[in-house]
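The values are calculated or read from the model by the stated rules, or taken from the named source; none is laboratory data. Please read these numbers as outputs of a predicted model, since none were measured by experiment. Neighbour counts are summed over all protein chains in view; Cβ atoms, including those assigned to glycine, are modelled from backbone coordinates with ideal geometry.
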Amino acid sequence: MSTKKKLLEAAAGNAGEAVYVDDVFSTYLWTGDGADRDIVNGIDLAGEGGLVWFKNREDTRNHALFDTETDPTGQYYLISNTNGALNNTGASQITYNSDGFRIADGTSWNANGNDMVSWTFRKQPGFFDVVTFEAPANADDDFRVSHNLGTVPGMIIVKSVDATGDWYVWHRSFGNRNDSVKLNSSNASAASGDFWGESDPTATDFGVQVRNFATRPVTTGAGTYVAYIFAHDAQEFGTDSDESIIKCGSYTGNGNSNTGPVIDLGFEPQFLIIKDASNANNWVMQDVMRGIVTNGNDPYLHPNSTSAETGAFDSVDVTSTGFKIKTSSSSFNYWGATYIYMAIRRPMKTPEAGTEVFMADTRASSGGTLAEFISGFPVDMYLRYLTVASFEKRAHTRLLGETKLITNTNAAKVADTTVSFASNVGAGPSGESVNTAVLAHMFRRAPGFLDVVAYTGDYVNPISHNLGVAPELIITKEYAHAWDWYSWGSVLGANKFVTLNSNAAATNYTFNTTVTATTFMSGISSTSQPTIAYLFATLEGVSKVGSYTGTGNDLNVDCGFSAGARFILIKRTDSTGDWYVWDYYRGIVAGNDPYLLLNSLAAQVTNTDYIDPLASGFTVTSSAPAALNASGGTYIFLAIA
């Protein structure tokens, strides 16, 4: 059964609609304009409730936390870097919507000209809950606070909202139930009385002794508190409702930047909070939208500080199954120290249309020197071309940050500060002038369609991936050295590969091409060399990896689509032939269709009619050259609906 079919059956089943991390968590980036703004992140806050956490990335401003339980009107907020009570803005600043939220003019959460970030947590059993509660008049009483998490919490944050009081954090990894760290402090964990009651948190409640949480005298009457409650490893999400999307755990630092701790989550994270529980070090917050770069610098923020975003060193790499520490910095990896963390899984929803995962655009779309290539979704990889003159064909990848790889050569990775993935709706800004001749093909990672894996080459051990199905086309590049772009496809047969930066025919080579729904062999990758791999598969109605045999006549290629292909990549494998690319943006029509060659510096060609539209896929015409349609020739292709 296809991934898409399982998704649809799960959605229609008696158990209710499947829930994905995409439905309950979002990191959203934008440049503030000091005006009202709608943030459309797909999170239903109006119907389900939750928490929105803001930070100005460029300025020394407070962290601002709005939640639907403390104040559903969005007028009051808390600050994680202070112990103060609720702040009253005097008017509603946040409107909770069914697909995100609307923000009013505000210097803390929409400062004009400043880069902003929001993290949205939706209430959902097995993921997150937010509750408010009243302290008893007798603050010495131990009492239980009910919650709707439906599972034993992994981390709980409690804050007084009507009086001064620290942000107390309980974490499942503490050896002593009554240990706490403070979110608004860099201090190490400490025990002080029965902070968290007389028994452990359960799937329905947790204990508190409020006298220890606030500075109000014991004789003071009831006070109001808020609790943010995070789950741990509840395997209730995804297509079959059997996957975890959040884990709260710990690791022990070893002080080694070369072989730092490796944390196995069982999933690839998109968001991390880390705290040294043994020493006085700041909390750190990281996410892949702002950048967790493989073998590169990683920006982070401190929830206990007003400081702007920083990160001048390589601190963390994400992997297909977790994350690994890349520094000896005491904030991440002091020898013998215990670090607690919360990790949230990367997006996992299967696409239902090609427009969700592929889009083309030119520099003319947005206007201005910092115009974006617009996709409508976060971009994980894009190909950039100049269509009117000879120009290198560039590949940019979120996991590799501000760098480029050139598909028409075997050159190593090169730094490129014109590259940015800091947008939820496209790629850029690139620092280039608006130019209709600059074209981008933008791709989003998604189960069943595309995965991108950064790894160290290994002849022997399988490499984990999150495609969810066995990949049918794998394109790899050892990016630290001048090595070819080796590409393997199931349609080539065993022990054969083609080279993306060459027009050569498929080459026979004895190597392991074993692929599964969770792993692949690195094949011809060298041992201990950093490598990037792009894994494509056929997803019903979205993409097709396949092959055809040329006829010399008009040849219909059925991809199972209903409205034709919007992207087509073709390579001849039994003889020489370039890597041809067409797209809907420049035109796939009954007449001439512009194409580019990924393996060549050549400018696009616009005066040929080598392909025609076909509702189920595409047609290779009789006028196509031998590189596309020789009688008896063999060809591989990737098409996207």
Check your understanding: Restricting to the stretch 257-283, what's the tally of residues that are over 30 Å from Thr204 (Cα atoms) and at pLDDT 95 or above?
Key -> 7
Point to revise | Selected residue [in a strand (DSSP E or B) and either surrounded by fewer than 22 Cβ atoms within 10 Å (Cβ to Cβ) or of a type in the set (D, E, K, R) (or both)] from Thr107, Thr82, Thr95 | key: Thr95
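Would you please name the residue that is surrounded by the fewest Cβ atoms within 10 Å (Cβ to Cβ), looking only at residues in the stretch 58-79 that are in a strand (DSSP E or B) and more than 25 Å from the chain's Cα centre (by Cα)? Reasoning before the result, please.
Taking the stretch 58-79 first, the residues in a strand (DSSP E or B) are 64-67, 76-78.
Now drop any that are not more than 25 Å from the chain's Cα centre (by Cα), which leaves 76-78.
On the way: Tyr76: 19, Tyr77: 25, Leu78: 26.
Step by step, filter the stretch 58-79, then rank; the result is Tyr76.
Conditions tested, residue by residue: (1) modelled with pLDDT under 95; (2) touching a strand residue (DSSP E or B) at 6+ places or on another chain (Cβ under 9 Å); (3) assigned by TED's automatic domain parsing to the domain that holds Trp170.
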{"site": "Gly368", "(1), (2), (3)": "yes, no, no"}
{"site": "Phe373", "(1), (2), (3)": "yes, yes, no"}
{"site": "Val379", "(1), (2), (3)": "no, yes, no"}
{"site": "Tyr382", "(1), (2), (3)": "no, yes, no"}
{"site": "Thr387", "(1), (2), (3)": "yes, yes, no"}
{"site": "Phe391", "(1), (2), (3)": "yes, yes, no"}
{"site": "Thr397", "(1), (2), (3)": "no, yes, no"}
{"site": "Glu402", "(1), (2), (3)": "yes, yes, no"}
{"site": "Leu405", "(1), (2), (3)": "no, yes, no"}
Point to revise | Every residue from the stretch 231-260 that is farther than 29 Å from Ala18 by Cα, among the small types (Gly, Ala, Ser) and either without any contact (Cβ under 8 Å) to a residue 12 or more places away in the chain or buried (at least 20 other Cβ atoms within 10 Å of the Cβ) (or both) | key: Gly253, Gly260
**Study point:** Filter result for the condition that a residue is closer than 26 Å to Asp71 by Cα, surrounded by fewer than 18 Cβ atoms within 10 Å (Cβ to Cβ), hydroxyl-bearing (Ser, Thr, Tyr) and modelled with pLDDT under 90, over Thr204, Thr220, Thr132
**Key:** Thr220
Review point. Does Phe174 satisfy the condition of being surrounded by fewer than 22 Cβ atoms within 10 Å (Cβ to Cβ), farther than 16 Å from Val284 by Cβ and not small (Gly, Ala, Ser)?
Key: yes
**Study point:** Test set (1) touching an Asp or Glu at 6+ places or on another chain (Cβ under 8 Å); (2) in the same structural domain as Val491 (by TED's automatic domain parsing); (3) at pLDDT below 95; (4) buried (at least 23 other Cβ atoms within 10 Å of the Cβ) - Gly457 fails condition number
**Key:** (4)
Check your understanding: If Ile43 satisfies every condition in (1) in a loop (DSSP other than H, G, I, E, B); (2) hydrophobic (A, V, I, L, M, F, W, C); (3) at pLDDT below 90 but one, which is the exception?
Key -> (3)
